[in-house]
């Protein structure tokens, strides 16, 4: 799988040096969730191929097991002209997309690691374990660690769920730095959250307006300051947290003062600012959709994060691109904001590419075995069939029904050594088992497809 991703990145790295349109740059500023089948799955492929979508976030519903998610990520990456950020929330404890329910193991919460155990070896052990899981599956971003200080142990979104390492900001910093280091050793970017600090909140920003004016204190910035002073420059996630002493109109995620003046200028952060999920009630119940998008970008957000790829039954990504492009043309959003965001995103993606030398022989990174697979499987109505070719030559790729009748021919011709993906639509065919057949000079390879309507 790593060889396959390296090949993708080698071929697509040239994209960074080509002329990139404004719309393509805006596409890189969007990250969405998606479903593994149906309209949402078809939509994410379209958004990647046609709108230069910058990244995707996986939730528990996307992950059945390691092999399934690995193939899914390979399929998405193979559709991308610019390598995708593939992100997940793997904090440990209750916020963990890899756990015992999908073939992994339970992991301790941040509170247990930082407060009850408080051991560097233990925190590194579990962070390394989780980093290995993500690396093997093909993830390159983990939305963790939580660097919120445990000011209020019953804070409904943080302390109540054991998501903070400690009420001591230095302990939070220590464990976060060890956690980050283990993920960096696997070439996985991390995201500090939730700026400027969710640990004192008496409300949950998932559920509504969250005012931290009377509970927040500047010590909650200490973990950010210490990590940034150490050279941290991956991602920081802004919280939908209102503090009238920081901004009298907007929560931090929409605040120019919070993101530009405080995080960038005062703390010196040079990396990517990603919003917390933009459909959370703290935003969606208090600000119009378009107002929130425009203000977040103006304030300094580099990546807008959404849990889905539809908005009011319409495709979300082109809607946002159209909106931001219009506001740039109207001089509401400075074009410099798009350029800054795109440059930061591109810089981190280049830093995380798994390429040691541009002149290495392709022989060491191309497929070593003929393979054929598909995702999703079962599917309705469409699926992506991926093939690995060990040698260049003539191939055919066809789909047959159970009676042996050829119902589709997806490829017929000369292909170079490498990995290729083909779409197959089962629209118009009955539910049941179908057979994908790959014919090569080295032999015939088959794979069962399951169409379920």
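The values are calculated or read from the model by the stated rules, or taken from the named source; none is laboratory data. All values derive from a computational prediction rather than experimental measurement. All Cβ positions, glycine included, derive from the backbone under ideal geometry; neighbour counts span all protein chains shown.
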Within segment 64-98, of all residues that are assigned to a loop (DSSP other than H, G, I, E, B) and without any contact (Cβ under 8 Å) to a residue 60 or more places away in the chain, the one farthest from residue 306 (Cα to Cα) is 65
Residue count, segment 333-354, condition within 26 Å of residue 77 (Cβ to Cβ) and surrounded by fewer than 17 Cβ atoms within 10 Å (Cβ to Cβ), comes to 7
The residue from 179, 209, 165, 183 that alone is under 23 Å from residue 241 (Cβ atoms), touching a residue at least 24 places away in the same chain (Cβ under 8 Å) and in a helix (DSSP H, G or I) is 179
In the set 197, 231, the lone residue that is surrounded by fewer than 22 Cβ atoms within 10 Å (Cβ to Cβ) and either free of Cβ contacts under 8 Å to residues at least 60 places away in the same chain or assigned by TED's automatic domain parsing to the domain that holds residue 30 (or both) is 231
query: Quick check: is even one residue across segment 182-194 surrounded by 24 or more Cβ atoms within 10 Å (Cβ to Cβ), at pLDDT below 95 and closer than 19 Å to residue 89 by Cα?
result: no
If you go through 150, 102, the only one that is closer than 23 Å to residue 200 by Cβ and in contact (Cβ under 8 Å) with a residue 12 or more places away in the chain is 150
Quiz item: For residue 270, are the conditions met, namely being at pLDDT 95 or above and either in contact with a helix residue (DSSP H, G or I) (Cβ under 7 Å, 6 or more places away or on another chain) or outside any helix (DSSP H, G or I) (or both)?
Solution: yes
_Flag for residue 116 being free of Cβ contacts under 8 Å to residues at least 60 places away in the same chain, surrounded by fewer than 23 Cβ atoms within 10 Å (Cβ to Cβ), under 24 Å from residue 157 (Cβ atoms) and more than 22 Å from the chain's Cα centre (by Cα)_ = yes
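Here's the yes/no breakdown for (1) over 30 Å from residue 21 (Cβ atoms); (2) modelled with pLDDT of 95 or more; (3) crowded, with 17+ Cβ neighbours inside 10 Å:
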{"site": "244", "(1), (2), (3)": "yes, yes, no"}
{"site": "278", "(1), (2), (3)": "no, yes, yes"}
{"site": "324", "(1), (2), (3)": "no, yes, yes"}
{"site": "331", "(1), (2), (3)": "no, yes, no"}
Note on segment 234-264: residues in contact (Cβ under 8 Å) with a residue 24 or more places away in the chain, in contact with a helix residue (DSSP H, G or I) (Cβ under 6 Å, 6 or more places away or on another chain) and not in a helix (DSSP H, G or I) are 238, 239, 240, 241, 246, 255
Subset of segment 109-124, residues assigned to a loop (DSSP other than H, G, I, E, B) and within 22 Å of residue 237 (Cβ to Cβ), comes to 109
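If the requirement is being in the same structural domain as residue 127 (by TED's automatic domain parsing), farther than 20 Å from residue 295 by Cα and modelled with pLDDT of 95 or more, which of these qualifies: 255, 164, 238, 261?
Working: 255 fails: farther than 20 Å from residue 295 by Cα; 238 fails: farther than 20 Å from residue 295 by Cα; 261 fails: farther than 20 Å from residue 295 by Cα.
164 is the lone residue from the list that is in the same structural domain as residue 127 (by TED's automatic domain parsing), farther than 20 Å from residue 295 by Cα and modelled with pLDDT of 95 or more.
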Out of (1) over 24 Å from residue 43 (Cα atoms); (2) assigned to a strand (DSSP E or B); (3) at pLDDT below 90, the one residue 357 does not meet is (2)
When (1) touching a helix residue (DSSP H, G or I) at 6+ places or on another chain (Cβ under 7 Å); (2) within 28 Å of residue 306 (Cβ to Cβ) are applied to residue 161, the one that fails is (1)
